[in-house]
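Student: Below is one structure. I have some questions about it.
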Amino acid sequence: MIKVSVVGAKGRMGSHVVEAVNGAADMQLALTLDAADDLAAITPENTDVTVEFTVPSVSLGNVLKLAAQGVDVVVGTTGWTEEKLAKVREAIANGPRPDAQKVFIAPNFAISAVLADYFAVKAAKYFESAEVIELHHPTKVDAPSGTAIHTAQGIAAARKAAGLGPMPDATETDGGSRGQVVDGVHVHAVRLRGLNAHEEVLFGNAGEQLTIRADSFDRGSFMPGVLLAVRKLASDAPAGLTVGLDKFLDL
Ligand SMILES: NC(=O)C1=CN([C@@H]2O[C@H](COP(=O)(O)OP(=O)(O)OC[C@H]3O[C@@H](n4cnc5c(N)ncnc54)[C@H](O)[C@@H]3O)[C@@H](O)[C@H]2O)C=CC1
Ligand SMILES: O=C(O)C1=N[C@H](C(=O)O)C[C@H](O)C1
């Protein structure tokens, strides 16, 4: 049995994870923590893998504490930057299990979103223009979504590797309508009651367009990916920091 603790257990995602772990025949729920609880309660003795879904402002601190306690972590919380990832690598290197500690961070656990991201990176070098639109429930605290940032970064890297220059854009005045620019890719965020988590990647050439769209209608859509990551960390995932569910899929 894989002993799984959940941090952020009272939240929208955390409560789904608790339910999913309880429903998994090979897992046993260990501790469920939320804000104000002490992470020191989670140890390698009572927990094989901790799942962390909290808020971007606290997630790095949580992961650093858990790494210092030698606990393996699956992280779904957004807000990760290269600087924050570097701190996680440092915490692993300075922690009690530098050669065995595993931390896994995924911007998105839904297979539809992971594939959309993967296909977008593949398509990027064939198009002059690319923009990302993400659409979410209005209770989401961050914009743009972690997934949209990840997709834009992937598109930008693929364009750069293919030797593509900046995208055509004659905008001279912008009151904010062109969205946030992530590595040269415009990212737009919609917040609308009734939505859950959705992303569209638009690619354009003269006279043609490709649209890649992923829709998560229900938070249950993230759970197979979360459980897959827990199982991978408890078995053959490499030690160190791994980012992206695509690393655990046969793509
Ligand atoms: N990677 C993925 O597939 C997905 C990622 N997310 C991300 O997961 C995060 C959480 O999203 P939701 O569950 O919708 O948010 P939420 O606001 O419903 O839940 C957050 C929970 O974290 C708790 N919390 C706050 N500070 C804490 C602390 N210091 N220690 C422990 N718990 C603390 C809150 O009390 C709350 O229960 C967001 O960053 C969101 O973007 C959401 C859906 C899918
Ligand atoms: O807050 C959410 O809901 C989601 N957050 C993640 C993100 O920011 O990419 C994943 C998914 O889009 C749902």
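The values are calculated or read from the model by the stated rules, or taken from the named source; none is laboratory data. Here the structure is a predicted model, which is why all the values come from computation and not from measurement. All Cβ positions, even for glycine, are placed from backbone atoms using ideal geometry, and neighbour counts span all protein chains on display. SASA here: full protein model, heavy atoms, side chains in, ligands and nucleic acids out. Shrake-Rupley method; radii C 1.70, N 1.55, O 1.52, S 1.80 Å.
Student: So is residue 114 among the β-branched types (Val, Ile, Thr), open to solvent by less than 20 Å² (accessible area, probe 1.4 Å), over 30 Å from residue 45 (Cα atoms) and not in a helix (DSSP H, G or I) or not?
Tutor: no
Student: Do you know which of the residues in the stretch 20-34 that are open to solvent by 60 Å² or more (accessible area, probe 1.4 Å) and in contact (Cβ under 8 Å) with a residue 24 or more places away in the chain is nearest to ligand 1 (Cβ to nearest atom)?
Tutor: Looking only at the stretch 20-34, we keep the residues that are open to solvent by 60 Å² or more (accessible area, probe 1.4 Å), and these are 22-23, 25, 28, 32.
Adding the requirement that they be in contact (Cβ under 8 Å) with a residue 24 or more places away in the chain leaves 28, 32.
Working: 28: 21, 32: 10 Å.
By that ranking, first place goes to 32.
Student: Can you tell me which residue is nearest to residue 67 (Cα to Cα) among those in the stretch 1-17 that are crowded, with 18+ Cβ neighbours inside 10 Å and touching a Lys or Arg at 6+ places or on another chain (Cβ under 9 Å)?
Tutor: 2
Student: Right, something else. Which residues, taken from the stretch 163-175, are open to solvent by 50 Å² or more (accessible area, probe 1.4 Å) and small (Gly, Ala, Ser)? I'd like the intermediate steps shown before the answer.
Tutor: Kept after step one, since they are open to solvent by 50 Å² or more (accessible area, probe 1.4 Å), are these residues of the stretch 163-175: 163-164, 166, 168-175.
Within the stretch 163-175, 163, 170, 175 qualify.
Student: Now a separate question. Determine if the stretch 209-222 includes at least one residue that is over 26 Å from the mean Cα position of the chain (by Cα) and more than 18 Å from residue 133 (Cα to Cα). If you could, list the steps in order and put the result at the bottom.
Tutor: Narrowing the stretch 209-222 to residues over 26 Å from the mean Cα position of the chain (by Cα): 209.
The next check asks that each one be more than 18 Å from residue 133 (Cα to Cα); those that pass are none.
No, the stretch 209-222 contains no residue that is over 26 Å from the mean Cα position of the chain (by Cα) and more than 18 Å from residue 133 (Cα to Cα).
Student: Look at the stretch 37-73 and say how many of its residues are away from ligand 2 (no atom under 16 Å from the Cβ), assigned to a loop (DSSP other than H, G, I, E, B), over 19 Å from residue 94 (Cα atoms) and open to solvent by 30 Å² or more (accessible area, probe 1.4 Å).
Tutor: The number of residues fulfilling the criteria is 5.
Student: Working only within the stretch 177-200, note down all residues that are of a type outside the set (D, E, K, R) and surrounded by fewer than 18 Cβ atoms within 10 Å (Cβ to Cβ).
Tutor: Selection gives 177, 180, 181, 184, 189, 190, 192, 194, 195, 196.
Student: Return a yes/no flag: does the stretch 209-216 have any residue that is modelled with pLDDT of 95 or more and part of a loop (DSSP other than H, G, I, E, B).
Tutor: no
Student: For residue 91, indicate whether it is modelled with pLDDT of 95 or more, more than 24 Å from residue 191 (Cβ to Cβ) and in the same structural domain as residue 229 (by TED's automatic domain parsing).
Tutor: yes
Student: Return the residues of the stretch 159-193 that are free of Cβ contacts under 8 Å to residues at least 24 places away in the same chain and touching an Asp or Glu at 6+ places or on another chain (Cβ under 9 Å); say none if nothing qualifies.
Tutor: Across the stretch 159-193, the qualifying residues are 160, 178.
Student: Give the residues of the stretch 80-96 that are open to solvent by 30 Å² or more (accessible area, probe 1.4 Å) and in contact (Cβ under 8 Å) with a residue 60 or more places away in the chain, sorted by residue number.
Tutor: Our first condition is that a residue be open to solvent by 30 Å² or more (accessible area, probe 1.4 Å); within the stretch 80-96, this holds for 80-84, 86-87, 89-90, 93-94, 96.
Passing the criteria: 80, 89.
Student: Name the residue that is nearest to residue 226 (Cα to Cα), counting only residues in the stretch 74-111 that are more than 16 Å from ligand 2 (Cβ to nearest atom) and part of a loop (DSSP other than H, G, I, E, B).
Tutor: Here the answer is 101.
Student: Go through the stretch 201-231 and give me each residue that's under 26 Å from residue 156 (Cα atoms) and surrounded by fewer than 19 Cβ atoms within 10 Å (Cβ to Cβ).
Tutor: 202, 204, 205, 206, 207, 208, 209, 210, 211, 213, 215
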